[in-house]
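A quick write-up on the structure given underneath.
The values are calculated or read from the model by the stated rules, or taken from the named source; none is laboratory data. Being a predicted model, the structure only gives us computed values, none of them experimental. Cβ sites come from the backbone with ideal geometry, for glycine too, and all protein chains shown count toward neighbours.
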Amino acid sequence: MEIGKHVPNLIRDVHCDHAPSLTRSPGYLKAYRIVGLLCLDLFYIYILYSEKIDRYYIGYSENPEQRLDERHNMGFVKSTKASAPYKLMAKKPFHTELEARAEELRLKRKKSRKYLEWLIDVNW
């Protein structure tokens, strides 16, 4: 598939302030990857920790600090509501939402506290 024909529409639609929908065509995502590298916007995988219940939470966002302050610690996220406050332990940048979501799912599927603590220790 020719990537070049998707780039003009992509630049008009994306404006470098959000990632494309995951329902777009593969060509669109490839084009976004190229254009996305030119954008300064990144998506982050982040690891939060709650001392209250001694558990970790994994998520992704364009701004993890803001999401922590305005969503997680304010009780607007169902899965973290009862165990706030959380602390941001680590974060890792990705160029696209697709890459960030894939890494988030990979970490969640591991279901390994030791692995998460190792990532935090080595400044992942």
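Structural remarks
- Residue within the stretch 68-89 that is surrounded by 18 or more Cβ atoms within 10 Å (Cβ to Cβ) and charged (D, E, K, R) present: no
- Residue within the stretch 100-109 that is touching a residue at least 60 places away in the same chain (Cβ under 8 Å) and crowded, with 17+ Cβ neighbours inside 10 Å present: yes
- Selection over the stretch 74-124 of residues that are touching a Leu at 6+ places or on another chain (Cβ under 9 Å) and of a type in the set (S, T, N, Q) gives a count of 2.
- Selection status of residue 46, modelled with pLDDT of 95 or more, out of contact with any His (no Cβ under 8 Å at 6 or more places or on another chain) and among the aromatic types (Phe, Trp, Tyr): yes
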